[in-house]
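What follows is a single structure, written as structure tokens, with notes after it.
Rule-based calculations on the coordinates, nothing more; no lab input. For clarity, every value in this text was computed on a predicted model and none was experimentally measured. No Cβ is skipped: glycine too gets one built from the backbone with ideal geometry, and neighbour counts run over all protein chains shown.
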Amino acid sequence: MTVNAEDTGELGTNTPRPVHADSVSNGAFDKLEEGQGAVAASSRRKGAHAAADAHVADGEEQLPIDRRTLIVVVVGALVAIAVIVVLFINVLNASPAKPAAEPEADKVVAQTGDSITSRGASYHIAKNGEKYQLMETRDGGKDVSLGDLSGTPAGLVLYDGAVLIPENLADGKWDVMAYTIGSGWSQIMDRDGKPVSGEGSISDATLDGSTVVLTVNGNRVDVPLTW
């Protein structure tokens with residue numbers, strides 16, 4: 001009787017024999033344990049994606065703070081620019097300061113020996129030996145000589161900050177000297193730039209507006225002070 005292999009449970013001669021999976025002898029890889037190989041690579045990718053997602057999340061959380069800071073800086077800069085513009089416009093539109101009103105010209109007539117007052121000081125004529133001098137007296141009462149005169153004063157006139165002294169000269173002529181307060185001595189000139197003088201003797205000197213009126217040998221002589 002012929003017995004089939006499948007009836008006896010035994011393998012036939014043509015059935016492939018099982019081969020032992022030896023990783024060393026036939027070059028096969030050992031079985032991958034959990035967490036190794038492809039599984040580990042997958043875990044790394046998941047970890048990388050998680051880190052990237054966390055970084056993006058952090059950036060999204062910080063972005064509103066940066067925007068607020070930027071808004072504060074921009075608003076502050078705009079306010080500063082607005083203030084500067086307003087100040088600049090105010091400076092441009094500011095009315096120029098008006099100069100202090102100049103005091104009216106001093107116009108005082110005084111005869112020889114009298115004193116006149118201007119700008120906190122008084123002036124008078126005093127004789128020193130053979131010479132006459134213009135004296136200035138300031139607070140404290142001390143007299144200071146401002147200089148000698150060439151002739152004999154016939155009057156003392158104050159006009160526009162200058163002390164005018166008509167005088168009779170030794171050679172029978174007359175002239176008009178002027179001491180400008182704070183500047184010094186000069187001689188009154190006519191329209192042509194020549195010293196004002198004449199023949200005769202002055203007996204009186206007064207002021208009429210901007211003209212010194214002299215009485216010379218009984219006649220009136222006008223000496224304009226402005227042209």
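Could you line up Val83, Val213, Val176 from fewest to most neighbouring Cβ atoms inside 10 Å? If you can, show how the numbers build up before the last one.
Details: Val83 10, Val213 16, Val176 24.
Ascending number of Cβ neighbours within 10 Å: Val83, Val213, Val176.
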Distance between modelled label sites at Ser150 and Leu87, nm, 7 Å Cα→Cβ extension: 6.1 nm
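Tell me, Leu87, Leu207 in order of fewest to most beta-carbon neighbours within 10 Å? Walk me through the numbers before you get to the answer.
On the way: Leu87 10, Leu207 18.
Ranked by crowding around the Cβ, least crowded first: Leu87, Leu207.
Using the Kirkwood radius over Cα pairs, work out the Stokes-Einstein diffusion coefficient for the stretch 107-224 at 25 °C and 0.890 mPa s, in µm²/s as a whole number.
Values: Rh = 14.3 Å.
Translational diffusion coefficient: 171 µm²/s.
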Exposure proxy check on Glu130, Glu167, Glu199, Glu136: fewest-to-most Cβ neighbours within 10 Å is Glu130, Glu199, Glu136, Glu167
